[in-house]
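Each value in this text was obtained by applying a stated rule to the coordinates, not by laboratory testing. As the structure is a prediction and not an experimental result, all values here were calculated from the model. Cβ placement follows ideal geometry from the backbone for every residue including glycine, while neighbour counts extend to all protein chains displayed.
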Amino acid sequence: MEQVSLSPTGMAAVEFIGDLLTGIQGDDSDSHTGGRWHDISIYKTDTGSMATCIAYRTQVPVESDQCHVDMADDVDDIDNILSLYEPGQHIVMDEGNARNRVVDAVVRHYDMQVNDVLEHLKALPADDTPGQPR
């Protein structure tokens, strides 16, 4: 295990001793997202809990990268955190069809990432993931 420091936007750093369980980098060449994506990382801490980091990344000059960090006790908590997050919330565009298309593309990519993260967590051995059946 190693020292981890996560920096949620507008909040104090979250620091712990832990290991990365899974991480999904969302950057891709899909022009429908307009240079926007999410990176999702899940860590197991030395205390047995899990840290969820959802990072919104953007190449759009009027937008800024954002990071959300939440702590969880088990995979169900991770599922809830990832499901309640609104992946289109940081998109800065005038309302209309173009914005709707970009939001739909960003949400679609995020949803695929969430599915990958949850499948990976569920596939880990029970002693590696808090809250998994033994």
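Pairing the Cα long axis of helix 75-84 with the longest principal axis of the chain, what angle in degrees results, from 0 to 90 and rounded to the nearest 10? For helix 75-84, the angle is close to 20 degrees. Couplings 3J(HN,Hα) for the range 55-69, derived from phi with the Karplus relation 6.51 cos²θ - 1.76 cosθ + 1.60 (θ = phi - 60°), are 10, 8, 10, 8, 10, 7, x, 8, 10, 9, 4, 9, 9, 10, 10 Hz, where x marks Gly and Pro. Within the range 1-96, the GluC sites (Glu not before Pro) that combine a DSSP coil assignment with at most 12 other C-beta atoms in a 10 angstrom radius are GLU95. In this Cβ point-charge picture (+1 for Lys and Arg, -1 for Asp and Glu), the range 2-123 has a dipole of about 360 debye about its Cα centre. Placing a pseudo-label 7 Å from each Cα along the Cα-to-Cβ vector at ALA13 and GLN66 gives an inter-label distance of 2.3 nm. Each of SER83, MET1, TYR56 was scored by the projection of its Cα onto the charge dipole of the chain, and the greatest displacement toward the positive side belongs to TYR56; charges sit on the C-beta of Lys, Arg, Asp and Glu. What the phi angles of the range 112-124 give under the Karplus curve with 6.51, -1.76 and 1.60, with θ = phi - 60°, is a coupling list of 5, 5, 4, 4, 4, 4, 5, 4, 5, 4, 5, 7, 5 Hz, glycine and proline written as x.
Express the relative contact order of the chain as a whole percentage, based on alpha carbon pairs under 8 Å and six or more residues apart in sequence. Numbers along the way, then the final one.
Details: 229 pairs, mean separation 30.6, N = 134.
The normalised contact order for the chain reaches 23 percent.
A simple charge model with +1 on the Cβ of Lys and Arg, -1 on the Cβ of Asp and Glu and nothing else charged puts the dipole of the range 1-65 at about 140 debye relative to its Cα centre. Straightening the chain between ALA123 and ASN80 buys 13.7 nm, computed as 0.36 nm per residue apart minus the Cα-Cα spacing.
Comparing Cα centroids, the range 73-124 and the range 36-59 end up 12 angstrom apart.
By the helix-only formula, in which each DSSP H run with n ≥ 4 contributes -39500 (n - 2.57) and the sum is divided by residues, the chain has a 222 nm mean residue ellipticity of -9500 deg cm²/dmol.
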